[in-house]
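Quick notes on the structure that follows.
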Amino acid sequence: MAVAKLLGIETEYGISSGTPDVDPIFLSTLLVSAYASGLRHHIKWDFQDESPGRDQRGSARPGALPPMVETHLANAVLTNGARFYVDHAHPEYSSPECASPLQAVLYDAAGESVLRAAMTAARERFPEAPPIVVYKNNSDSKGNTYGTHENFLISRDLSFADVVAGIVPHLVTRQLFAGAGKVGTETGIFDAPPPFQISQRAEFFEELIGLETTLRRPIVNTRDEPHADATRFRRLHVILGDANRSQVATFLKLGTTALLLAMIEEGLLDCSALTLADPVAALRSISADPDLSDLVVLENGSTVSALAIQEDLYEQTAHYVDRAGGEVFHSDDQAHEVLRRWRVALDGLATDPDSLAGSVDWIAKRRLFQAYAERHGLNATDPKLRAMDLQYHDLRPERSLFDRLGLEELVSTEEVAMAVTEPPRETRAWFRGKCLQRFPDEVATANWDSLVFDLGTDPLRRIPMMDPLRGSAALTEDLLGRVHSAKELVERLEQ
């Protein structure tokens, strides 16, 4: 039996002031600090359990570099269970733990709202500072890339080698519906540089498996940091995805990957005929082929299209869902909706890709850019198109090309507004967020798997939350409604 597929997204946002000499770390700090200043609470992040150097393979390859943990930069823990902070040179929003793909879409959209509010707060709080603009994208057109990382809860009993063998064909090819699109290239890796790519991130990946996230980026990241009971759980940390503005693309990216991981756990996914001879080369060549005409080489020497790989994975998943329903999402409806939208995407890609312009970022973007280039007689990589590429990802509604195109939305404006402050009910994020709401002066620090309370007496009291499904509203709402202080809450929990 597969464990529940709790999931979430960490998004590093692009940031600019229009002034090249301004330090992005400074801008990011202003942004996070301005937003945090408007919160009722000011709670520090607890770094005690951070272990980015631990490797799923048991030991890292010699020379592998774990990600840096920058404990001195601005951090805010939000009442919706999320974290908003400065990561290297970017503002990052890490969503709370979500129980389904649609819920993860909602809290990803809430992150966009947080960033918009932060831009307004920075402008009001620091009027003398340069204006700050935030983009939900993955590269700056100068060879620098930043990540949109997905997280999936999987069982510790599952062999990591089986995870790699099963999930790589999907991670390499899912860009067909989850790519954000990009004008031109930035790395010089192509003999014949494509004028347009399906994925913003693909050309920056160099290895199949590895621990790094900023150097020698791997298709499968091996960081073993479950933020949960390490004897029971792993966290698959997927770093190669694009930052999608399309909610449908985000839903499909998360939903398909989660279902396939559940199948791997149950030994029901057979990818033996889909093993790629060179996954990194395939990732790049698929991205460079928006006409979907190229073939990739399999380990057995045959060639196949990326779409054919996706068709195989879809068929296997459809059989799985028919048998198991939506157990891993606690919702049959969501599992069947993932399948329905996956089928629509594959059919559209096979017959009329432009029919997906309302749901797939790279297709919407390419269609718009081609029309503009033809109308104004521009070549395919004209600087005006590169500027439009960036403008597509602008989070300011009045400037964003994405917002003008009217792509399909899965969550309402009212739902997003509520998710900015309210946590998901189905996971431990509920307890984290509600404690911040109820007891902002008594919570000393927080992280994913614990809260530390300062009750005014020594010692500080740590409340562990090692099971991501405990701490839900079903288990803690009644208790939180009956206690009148943090002291009473901690005493009852310790009993």
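The values are calculated or read from the model by the stated rules, or taken from the named source; none is laboratory data. Note that this is a predicted model, so its numbers are computed, not measured. Here the Cβ is made from the backbone with ideal geometry for all residues, glycine too, and neighbour counts use every protein chain on show.
For (1) of a type outside the set (Val, Ile, Thr); (2) at pLDDT 95 or above; (3) outside the structural domain of Val105 (by TED's automatic domain parsing); (4) more than 27 Å from Asn138 (Cβ to Cβ), each residue gets a yes or a no:
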site	(1), (2), (3), (4)
Gln316	yes, yes, no, yes
Asp322	yes, no, no, yes
Gly325	yes, no, no, yes
Val338	no, yes, no, no
Thr351	no, yes, no, yes
Asp354	yes, yes, no, no
Ile363	no, yes, no, no
Gln370	yes, yes, no, no
His376	yes, yes, no, no
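Give me the residue from the range 88-128 that is charged (D, E, K, R) and closer than 28 Å to Leu260 by Cβ and, out of that set, surrounded by the most Cβ atoms within 10 Å (Cβ to Cβ).
Top of the filtered list is Glu97.
For residues that are under 33 Å from the mean Cα position of the chain (by Cα) and part of a loop (DSSP other than H, G, I, E, B), scanning just the range 461-495, find the one that is nearest to Ala446 (Cα to Cα). Ranking the qualifying residues of the range 461-495, first place goes to Met465.
Looking at the structure I just gave you, is Leu31 of a type in the set (A, V, I, L, M, F, W, C), assigned to a loop (DSSP other than H, G, I, E, B) and surrounded by 15 or more Cβ atoms within 10 Å (Cβ to Cβ)? No, not satisfied. One residue stands out in the range 199-217 among those that are modelled with pLDDT of 95 or more, crowded, with 19+ Cβ neighbours inside 10 Å and of a type outside the set (A, V, I, L, M): the one that is farthest from Ser141 (Cα to Cα), namely Phe205. Figure legend. Inter-residue proximity from the range 394-414: first residues in the same structural domain as Val133 (by TED's automatic domain parsing) and over 16 Å from Thr250 (Cα atoms), second residues in a loop (DSSP other than H, G, I, E, B) and small (Gly, Ala, Ser), beta-carbon distance below 6 Å, spacing 6+ or different chains. Indicated pairs: Asp394/Ser400.
Across the range 479-495, the number of residues qualifying as surrounded by fewer than 16 Cβ atoms within 10 Å (Cβ to Cβ) and of a type in the set (Lys, Arg) comes to 2. Scan the range 34-68 for residues that are within 23 Å of the chain's Cα centre (by Cα) and at pLDDT 90 or above and jot them down. Hits for the range 34-68 are Tyr35, Ala36. Residues in the range 3-48 that are among the charged types (D, E, K, R), over 19 Å from Ile154 (Cα atoms) and either touching an Asp or Glu at 6+ places or on another chain (Cβ under 7 Å) or not assigned by TED's automatic domain parsing to the domain that holds Asn137 (or both): Glu12 only.
Given the structure, is Glu414 surrounded by fewer than 17 Cβ atoms within 10 Å (Cβ to Cβ), under 21 Å from the mean Cα position of the chain (by Cα), outside any strand (DSSP E or B) and among the acidic types (Asp, Glu)? So Glu414 does not fit the description; no. Within the range 189-211, is even one residue within 30 Å of Ala446 (Cα to Cα) and more than 17 Å from the chain's Cα centre (by Cα)? Scanning the range 189-211 turns up at least one residue that is within 30 Å of Ala446 (Cα to Cα) and more than 17 Å from the chain's Cα centre (by Cα).
For the range 130-169, a residue qualifies if it is touching an Asp or Glu at 6+ places or on another chain (Cβ under 6 Å) and among the hydrophobic types (A, V, I, L, M, F, W, C), and exactly one does: Leu158. Of all residues in the range 224-248, those that are buried (at least 24 other Cβ atoms within 10 Å of the Cβ) and either outside the structural domain of Leu171 (by TED's automatic domain parsing) or not hydrophobic (A, V, I, L, M, F, W, C) (or both) total 6.
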